[in-house]
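Undergrad: One structure, as structure tokens, below. Some questions next.
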Protein chains: 2
Amino acid sequence: MVRVRVEVRLKKGVTDPEGDNVHKALALLGFKGLRAVHTSKLFLIELTTKDPKTAQREAEEMCRRLLANPVIHDYSISVEK
Amino acid sequence: MVRVRVEVRLKKGVTDPEGDNVHKALALLGFKGLRAVHTSKLFLIELTTKDPKTAQREAEEMCRRLLANPVIHDYSISVEK
């Protein structure tokens, strides 16, 4: 079994209202010295294949077809054992 | 400046409807050999402090007070340069 971590984040320049709201909420709670908060989504996918290359290829296709929107998202894939 | 990555994920045993739906959608798209899909949330927090220990301590307090719900969430914090 191979575990794949797929991180889907907003491209630079795309507004991140969730991150902005977390930033404001943390400031209201009294946290000082915050510069920025960004949020992103993580998918942990377990595949039955044992080949890391196959897993990487499959995960890339999953991102292209479902997990990420190429207009606003970047993604990165890392294959764990 | 220190960047902190906070990963907030559901505890084991807590149902993850988003992960389940992604799992189903990927299966419907024809992906084979999927065992499980889990989702989690990632916060990238930029702090003006330069001390990694302070950053770690602040991030833990942020998780306790805002980012994570201790009933259903586990979290992990990693401090980047």
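Every number here is computed from the coordinates shown, using simple stated rules; none is lab data. Bear in mind the structure is a predicted one, so any value in this text is a computation, not a measurement. A quick note on method: Cβ atoms are made from the backbone with ideal geometry, for glycine too, and the neighbour counts reach across all protein chains shown.
Undergrad: Give me the mean projected area, in nm² to one decimal, of the convex hull enclosing the Cα positions of chain B.
TA: If you wrap the Cα atoms of chain B in a convex hull and average its projections, you get 6.5 nm².
Undergrad: Shifting gears a bit: At 7 angstrom along the Cα-to-beta-carbon line, where would the label on B:Val71 sit relative to the other copies? Give the distances in nm, shortest first.
TA: 3.7
Undergrad: I've got another one for you. For a Förster distance of 45 Å, can you work out the FRET efficiency between the beta-carbons of A:Lys53 and A:Leu28, rounded to the nearest 0.05?
TA: Plugging the Cβ-Cβ distance into 1/(1 + (r/R0)^6) gives 0.40.
Undergrad: Here's something else I'd like to know. Could you state the number of Å between the C-alpha centres of the stretch A:1-67 and the stretch B:31-49?
TA: Spelled out, the Cα-based centre of one part sits 5 Å from the other.
Undergrad: Here's something else I'd like to know. Taking amide H positions as placed in the peptide plane 1.01 Å from N, state which residues far from A:Thr49 in sequence (5 or more) or on other chains have amide H under 5 Å from it.
TA: Amide H neighbours of A:Thr49, under 5 Å, 5+ apart: A:Val2.
Undergrad: List the distances, in nm and shortest first, from the label point of B:Ala27 to the matching label points in every other copy, placing each point 7 Å from Cα along the Cα-to-Cβ direction.
TA: Here B:Ala27 shows inter-copy label distances of 4.5 nm.
Undergrad: Something else now. Over the stretch B:2-80, what is the relative contact order in percent, taking alpha-carbon pairs closer than 8 angstrom and at least six residues apart? Kindly include the intermediate steps, with their values, before the conclusion.
TA: Numbers: 105 pairs, mean separation 42.9, N = 79.
Relative contact order, the stretch B:2-80: 54 percent.
Undergrad: Which chain A residue puts its Cβ closest to the axis that rotates A onto B, and at what distance in whole Å?
TA: A:Leu42, 3
Undergrad: Provide the per-residue ³J(HN,Hα) series for the stretch A:12-18, in order, calculated from phi with Karplus coefficients 6.51, -1.76, 1.60 and θ = phi - 60°, each as a whole number of Hz, with x at glycine and proline positions.
TA: Result, ordered by residue: 4, x, 7, 5, 10, x, 5 Hz.
Undergrad: Right, another one. For the charge dipole of chain B, defined by +1 on Lys and Arg C-beta atoms and -1 on Asp and Glu C-beta atoms about the Cα centroid, which residue among B:Leu28, B:Ala59, B:Thr15 has the Cα displaced farthest towards the positive pole?
TA: B:Leu28
Undergrad: Using a simple charge model, +1 on the beta-carbon of Lys and Arg, -1 on the beta-carbon of Asp and Glu, nothing else, what dipole does the stretch A:6-81 show about its Cα centre, in debye to the nearest 20?
TA: About 220 debye.
Undergrad: Using a Cα-Cα cut-off of under 22 Å, which lysines could be cross-linked to B:Lys12, ignoring same-chain neighbours fewer than 8 residues away?
TA: Leaving aside lysines fewer than 8 places away in the same chain, those within reach of B:Lys12 are A:Lys41, A:Lys81, B:Lys24, B:Lys41.
Undergrad: Using the Karplus equation 6.51 cos²θ - 1.76 cosθ + 1.60 (θ = phi - 60°), what ³J(HN,Hα) coupling, rounded to whole Hz, does each residue of the stretch A:26-43 give in order, writing x for Gly and Pro?
TA: Along the stretch A:26-43, the couplings run 5, 5, 5, 6, x, 6, 9, x, 8, 9, 6, 10, 10, 10, 8, 10, 10, 10 Hz.
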